[in-house]
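Trainee: Let me give you the structure first, and then I'll get to my questions.
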Amino acid sequence: MVKAIVGANWGDEGKGKITDVLAQESDIVIRFQGGSNAGHTIINNYGKFALHQLPSGVFHQHILNIIGNGVAFSVENFVKEMKSLEERGVPKPNIVVSDRAQIVMPYHVAFDCYEEERLGKNSFGSTKSGIAPFYSDKYSKIGFQVNELFDDVDSLKAKIVHALEIKNATLRNLYNKPEITVDEIFNKLMEYKEALAPYVADTFSIVYEAVKAGKNILLEGQLGALKDTDFGIYPMVTSSNTIAGYGAVGAGIPPYEIKEVVTVVKAYSSAVGAGEFVSEIFGEEADELRRRGGDGGEYGATTGRPRRMGWLDLVATRYGCRVQGTTTVAFTVLDVLGYLDEIPVCVGYELDGKVIDYFPSTTKLKRCKPVLKVLPGWKCDISNIKKYEDLPENCRNYIEFAEKEIGIKIGMVSNGPSRDHIIYR
Ligand code: GDP
């Protein structure tokens, strides 16, 4: 059975934790999109980890972890994260990398930085991990698939020459930066080849056989629906599709095999980078939520930047869940809201004097103002509660109100950062 775990919002919904919880019953965990531009935070017996490139199944010995063909694969981060797991006593994970995955080149990171610098105050708020230049090159067909590292030297060098003609013209004329040499890139790729050799596999065939054998496969999404290239707040989106449907492409699975889509919804909102965020809050109200949020505050797992904060946006969340094709919602970080007397939630958008209940495309979204409804708080710590019926009444009402507005069952409630902070309904 294939299950996807994805986000309904702007990312940072707590997918890493939910993946870690559900991974225990999985045979295979696959990353299918994105790169090391976002991080999953996982807390387990080995400690607290921020994974950027590795799938969240790496802490379980029985799981085969796969970096799928749809990923923006940073060899450097892969090596760094594998090393840090080893240093912290995690047994060597079982992991393979698709021979069709493409590599984040050293110049992709540089181009990401140069472009953000060039855009100045209009920058995207990129994590500068090279993701946008990477996907541009992939679709311009000047990217490098992992299998090309193992090609004959002449073919690989010819490909580098071809790619660098374009890169160097841009470096020279647009960014006014030093050019890159063929040898520099070739040597780097040879380092990558050596580091990757033990992990490269024809993951399409592995996944094909696993699906046929009825194995439990988990597709691990990164970021959220509102950052999807097509369905998100374009152009302030990420450069890959974050929706579960893309799992079919980025992992190599027949679309009809993805039977369950667990969409992670955060009990309040947070976002990093620029872009539309209708239920955003500011000032002391935002600072307090940021300070208390997540596990030790709402600061980016990749960049350490303070996240933008807001109330639960049910218009955006309903849309995010629909776009994902959600079968079950996992509602997270609910414990954080225990300090509030009253909790506003966004139930509609005011657009040009009318209230709408759908999530419009960006040009209209820019003009939307939140319509808030205030729900009573529960004013206590719920993190030790294990059963749904033991939650305070106002807390259950908050969950059930969200469920009704989203229109999909909330099957799991996460009431703390660690694995056992989970309530099934
Ligand atoms: P992801 O990218 O969706 O995996 O999200 P993050 O890794 O950024 O997770 C958000 C933060 O919330 C992390 O620090 C998690 O440890 C933390 N977290 C996840 N679920 C919960 C929860 O239910 N309660 C609390 N307090 N923190 C949580």
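The values are calculated or read from the model by the stated rules, or taken from the named source; none is laboratory data. It should be emphasised that the depicted structure is a prediction, and the values quoted were computed from it without experimental measurement. Methodologically, a virtual Cβ is constructed for each residue, glycine included, from the backbone with ideal geometry; neighbour enumeration extends over all protein chains shown.
Trainee: Can you name the number of the only condition in (1) without any contact (Cβ under 8 Å) to a residue 12 or more places away in the chain; (2) within 19 Å of the chain's Cα centre (by Cα) that residue 83 fails?
Mentor: Evaluating residue 83 over (1) without any contact (Cβ under 8 Å) to a residue 12 or more places away in the chain; (2) within 19 Å of the chain's Cα centre (by Cα) leaves (2) as the failure.
Trainee: Restricting the first residue to segment 175-193 and requiring it to be among the basic types (Lys, Arg), which pairs with a second residue that is in a helix (DSSP H, G or I) meet a Cβ separation below 7 Å and a spacing of at least six or different chains?
Mentor: Qualifying pairs under 7 Å: 177/114; 177/171; 188/106; 193/149; 193/150.
Trainee: Has segment 65-75 got at least one residue that is of a type in the set (A, V, I, L, M), touching a strand residue (DSSP E or B) at 6+ places or on another chain (Cβ under 8 Å) and not assigned by TED's automatic domain parsing to the domain that holds residue 18?
Mentor: Looking through segment 65-75, none of the residues is of a type in the set (A, V, I, L, M), touching a strand residue (DSSP E or B) at 6+ places or on another chain (Cβ under 8 Å) and not assigned by TED's automatic domain parsing to the domain that holds residue 18.
Trainee: If residue 290 satisfies all but one of (1) away from the ligand (no atom under 16 Å from the Cβ); (2) of a type outside the set (Val, Ile, Thr); (3) modelled with pLDDT of 95 or more, what's the number of the condition it fails?
Mentor: All conditions are met except number (1).
Trainee: Moving on. Could you check how many residues of segment 352-386 are among the basic types (Lys, Arg) and in contact with a strand residue (DSSP E or B) (Cβ under 7 Å, 6 or more places away or on another chain)?
Mentor: Here the count works out to 5.
Trainee: Then there's this: Quick one: in segment 207-240, of everything that is touching a residue at least 24 places away in the same chain (Cβ under 8 Å), assigned to a helix (DSSP H, G or I) and under 17 Å from residue 258 (Cβ atoms), which residue is nearest to the ligand (Cβ to nearest atom)?
Mentor: Looking at the filtered set, the residue picked out is 225.
Trainee: Is there a residue in segment 199-210 that is buried (at least 22 other Cβ atoms within 10 Å of the Cβ), touching a strand residue (DSSP E or B) at 6+ places or on another chain (Cβ under 7 Å), within 25 Å of residue 80 (Cβ to Cβ) and small (Gly, Ala, Ser)?
Mentor: Within segment 199-210, none of the residues are buried (at least 22 other Cβ atoms within 10 Å of the Cβ), touching a strand residue (DSSP E or B) at 6+ places or on another chain (Cβ under 7 Å), within 25 Å of residue 80 (Cβ to Cβ) and small (Gly, Ala, Ser).
Trainee: A further question follows. Could you tell me whether residue 340 is under 23 Å from residue 38 (Cα atoms) and surrounded by 18 or more Cβ atoms within 10 Å (Cβ to Cβ)?
Mentor: Considered against the rule, which asks whether it is under 23 Å from residue 38 (Cα atoms) and surrounded by 18 or more Cβ atoms within 10 Å (Cβ to Cβ), residue 340 comes out as no.
Trainee: Quick check: anything in segment 7-15 of a type in the set (Lys, Arg) and surrounded by fewer than 24 Cβ atoms within 10 Å (Cβ to Cβ)?
Mentor: No, every residue in segment 7-15 fails to be of a type in the set (Lys, Arg) and surrounded by fewer than 24 Cβ atoms within 10 Å (Cβ to Cβ).
Trainee: Being at pLDDT 95 or above, crowded, with 18+ Cβ neighbours inside 10 Å, part of a loop (DSSP other than H, G, I, E, B) and within 12 Å of the ligand (Cβ to nearest atom) is the requirement here; does residue 423 meet it?
Mentor: Criteria not met by residue 423.
Trainee: Could you list, ordered by first residue, the pairs with Cβ atoms under 6 Å in which the first is in segment 336-364 and polar (S, T, N, Q) and the second is crowded, with 17+ Cβ neighbours inside 10 Å, at least 6 apart or interchain?
Mentor: As it stands, the answer is 362/233, since those pairs meet every condition given.
Trainee: Please work out which one of (1) closer than 23 Å to residue 16 by Cα; (2) surrounded by 19 or more Cβ atoms within 10 Å (Cβ to Cβ); (3) of a type outside the set (Lys, Arg) is the condition residue 281 fails and give its number.
Mentor: (1)
Trainee: Check whether at least one residue in segment 68-91 is in contact with a helix residue (DSSP H, G or I) (Cβ under 8 Å, 6 or more places away or on another chain), on the phi > 0 side of the Ramachandran plot and crowded, with 21+ Cβ neighbours inside 10 Å, and report yes or no.
Mentor: no
Trainee: Another question, then. Applying the selection to segment 10-33, what residues are more than 8 Å from the ligand (Cβ to nearest atom) and of a type in the set (Ser, Thr, Tyr)?
Mentor: 26 - this is the single residue of segment 10-33 that is more than 8 Å from the ligand (Cβ to nearest atom) and of a type in the set (Ser, Thr, Tyr).
Trainee: Restricting to segment 255-287, give me the number of residues that are within 12 Å of the ligand (Cβ to nearest atom), of a type outside the set (A, V, I, L, M) and part of a loop (DSSP other than H, G, I, E, B).
Mentor: Total satisfying the criteria: 1.
Trainee: Going through 96, 79, 109, 71 one at a time, which residue ends up being within 21 Å of residue 180 (Cα to Cα) and among the β-branched types (Val, Ile, Thr)?
Mentor: 109
Trainee: Right, here's the next one. Does at least one position in segment 34-54 carry a residue that is away from the ligand (no atom under 16 Å from the Cβ), buried (at least 20 other Cβ atoms within 10 Å of the Cβ) and touching a residue at least 12 places away in the same chain (Cβ under 8 Å)?
Mentor: no
Trainee: On the basis of being closer than 30 Å to residue 126 by Cβ, within 16 Å of the ligand (Cβ to nearest atom) and in contact with a Gly (Cβ under 8 Å, 6 or more places away or on another chain), does residue 320 make the cut?
Mentor: yes
Trainee: Here's something else I'd like to know. One residue is enough: does segment 258-269 have a residue meeting the conditions of a type in the set (D, E, K, R), free of Cβ contacts under 8 Å to residues at least 60 places away in the same chain and either out of contact with any Cys (no Cβ under 7 Å at 6 or more places or on another chain) or more than 17 Å from residue 320 (Cβ to Cβ) (or both)?
Mentor: No, segment 258-269 has no match at all.
Trainee: Taking the conditions exactly as written (modelled with pLDDT under 95 and closer than 19 Å to residue 241 by Cβ), does residue 273 satisfy them or not?
Mentor: Answer is yes for this residue.
Trainee: Residues in segment 293-312 that are more than 9 Å from the ligand (Cβ to nearest atom) and either in a helix (DSSP H, G or I) or buried (at least 20 other Cβ atoms within 10 Å of the Cβ) (or both): how many?
Mentor: Adding up the residues that qualify gives 5.
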